[in-house]
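These notes are about the structure you will find just below.
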Amino acid sequence: MMDATGHGPLGDHLGELELDFGEVLDFGLPLLEILSGVDIPLRGVRLDVPVSGVMSGDALGGRVTGTDHLDVRPGLQIVRHLHLAFFTSNGGRVSAMGEATVTPTPTVPVTDVRVALLCRSATASTAWIDGQTLWAVGSVDPLAGRVVGDVYLAATQGPNRRRVTLSPMPARA
């Protein structure tokens, strides 16, 4: 829950992110087969998912593109590694990369997702975010090819400092 200043439990709310999947690149096992319950090899499978969409808000509002690299393990344990580029409406450019955890929901295949992104930027209008961490919390619907979520600037300094880490994934079987 955010207070009147836009501060929430994860930090300052920066806006909402909406991303659509592009053509998924698989390396032997297509996404629809994985979702249908086919046996996944013990070593897992890799999928690269191009994403593009928009970010709302004054600070980073604009266009977003990138790639979501997924390692899918047996039992649908998913490790995500993201590379995103934010192109803000005021001319800023921000590179963001990080890891995500995915939690299945009762409405499978929709999953909850939490992402920690480390940002880099040398553009004058977005230099303030260089070295900062973003938290994104939302959901992924792989059948619809859509990701939606809220994005926060993580509080990493001062009395409200938060340790920016993700929960560990369950151990491999």
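The values are calculated or read from the model by the stated rules, or taken from the named source; none is laboratory data. What you see is a predicted model; the values in this text were computed from it and never measured. Cβ placement follows ideal geometry from the backbone for every residue including glycine, while neighbour counts extend to all protein chains displayed.
Can you run down the residue pairs with Cβ atoms below 9 Å, 6 or more apart or on separate chains, where the first is in the stretch 113-135 and without any contact (Cβ under 8 Å) to a residue 60 or more places away in the chain and the partner is among the basic types (Lys, Arg) and surrounded by 16 or more Cβ atoms within 10 Å (Cβ to Cβ)?
As it stands, the answer is Val113/Arg80; Val115/Arg80, since those pairs meet every condition given.
Just to check your reading of the model, which residue among Gly75, Gly145, Gly131 is in contact with a Phe, Trp or Tyr (Cβ under 7 Å, 6 or more places away or on another chain), of a type in the set (Gly, Ala, Ser) and at positive phi? If you could, list the steps in order and put the result at the bottom.
Details: Gly75 fails: in contact with a Phe, Trp or Tyr (Cβ under 7 Å, 6 or more places away or on another chain); Gly131 fails: in contact with a Phe, Trp or Tyr (Cβ under 7 Å, 6 or more places away or on another chain).
It is Gly145.
List, please: which pairs have Cβ atoms under 6 Å, are six or more places apart or on different chains, and start with a residue in the stretch 87-101 that is surrounded by 20 or more Cβ atoms within 10 Å (Cβ to Cβ) and end with one that is of a type in the set (Gly, Ala, Ser)?
Going by the 6 Å Cβ cut-off, the qualifying pairs are Thr88/Gly62; Gly92/Ser125; Val94/Ser121; Gly98/Ala116.
Please go through the stretch 2-47 and give me each residue that is at pLDDT 90 or above, closer than 26 Å to Ile129 by Cβ, outside any loop (DSSP other than H, G, I, E, B) and not aliphatic (A, V, I, L, M), ordered by number.
Matches in the stretch 2-47: His13, Gly15, Glu16, Glu18, Asp20, Phe21.
Are there any pairs, at least 6 apart or on different chains, whose C-beta atoms fall under 6 Å, with the first in the stretch 32-52 and more than 15 Å from Asp71 (Cα to Cα) and the second of a type in the set (Ser, Thr, Tyr), and if so, which?
Ser52/Thr65
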